[in-house]
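Below: the structure, in structure tokens.
The values are calculated or read from the model by the stated rules, or taken from the named source; none is laboratory data. Note that the structure is predicted; figures quoted are calculated from it, not measured. Glycine gets a Cβ as well: all are built from the backbone with ideal geometry, and neighbour counts include every protein chain shown.
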Amino acid sequence: MLDEIKYTKGRIEAKLNVLTFQEDDVWIAWIPSLNISSYGDSNKEAIENVKEATELLFEHIVKKHTVIDVLKELGWSLKPRTKRKFQITPDTSKYPEYQPYLENIKQQNQLMLSY
């Protein structure tokens with residue numbers, strides 16, 4: 001599934017894939033396209049925590065006017081014929097530290113964010 005971020009007039013709208021898995025008693029939520037992860041005592045809590053971490057990233061890069069630079073550095077590319085719409089297909093192979101956990105993926109969720 002394709003991840004998308006639209007950036008216009010200092011506002012970000014995002015559709016992001018979140019992978020969740022359990023390690024011992026802790027749930028991990030990971031957004032491969034941004035390489036952001038967080039954890040919680042439940043699947044729901046882990047997703048809420050990764051959402052908060054992503055919102056903090058978006059807040060920072062909007063304030064610093066570095067949205068385009070940061071997304072390109074993370075491997076995102078502009079969608080053809082648009083000026084501010086980015087797309088990426090998450091490539092989990094770029095993160096070998098997560099490979100042992102990928103076979104234990106419990107859920108893949110779509111996270112919708114606006115900042």
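Below is a table of values for the structure above.
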item: Any strands (runs of 3 or more DSSP E) falling wholly within region 22-115 and containing at least 3 residues that are surrounded by 12 or more Cβ atoms within 10 Å (Cβ to Cβ) and modelled with pLDDT of 90 or more; result: 26-31, 36-40
item: Some residue of region 26-41 being among the hydrophobic types (A, V, I, L, M, F, W, C) and farther than 22 Å from Gly75 by Cβ; result: yes
